[in-house]
Amino acid sequence: MKILQEYAGALTNFEVLDFLRSRGAGKDPTRLIAGIAPSEYKVYDYLEQTAASTQTRDIAIEFVQKCKEYNLAKAEILNILNIRPSCEAALYPIIEDWDIRFSVEEGKEEEELGLLKTICQVLPPPPSVMESDEGIGVEEEDNPDEQQKKAME
């Protein structure tokens, strides 16, 4: 392998996950065959539970393009991609000088809501949110209260 550019910038969690997958991290259930260190498997397991596992390169590129209108720094875009905030409170710590850049002046509040809307539209939710949206959990048949009611009838 030849290094083309020593430091090209920070990687998103998706890019790290993609790299680990390309090395075989997700294909080896025994975790003995692939030439991956145990620490890399820990990183892989963690990233599989984050928003990075539902993202694709096309989604990341589309998000970066749509963020240009908000004048965000590269680090802010990177953090939004990695964390995938879904509410204003989660977005505040990511954006530097939030109150100055997105103040209550005319148009600024709409810009703030536009950014949050862009995040929710372009970036898919993390796997844990997707599972809860799909209704994964206690089924009616498995619900003890429902079973007791049926038994009493």
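Figure the gain on full extension for Glu69 and Arg101 (residue separation times 0.36 nm, minus the Cα-Cα span) and round it to one decimal in nm.
Gain on extension, Glu69 to Arg101, equals 10.2 nm.
What's the local net charge at Arg57, with K and R +1, D and E -1, over the other residues with C-beta under 12 Å away?
-4
Find how much the distance from Glu48 to Ala90 grows on full extension, using 0.36 nm per residue of separation minus their present alpha carbon separation; answer in nm with one decimal.
13.1 nm
Rule-based calculations on the coordinates, nothing more; no lab input. Keep in mind that this is a model prediction, so the values were computed, not measured. Using ideal geometry, Cβ is built from the backbone for each residue, glycine included, and neighbour counts are taken over all protein chains shown.
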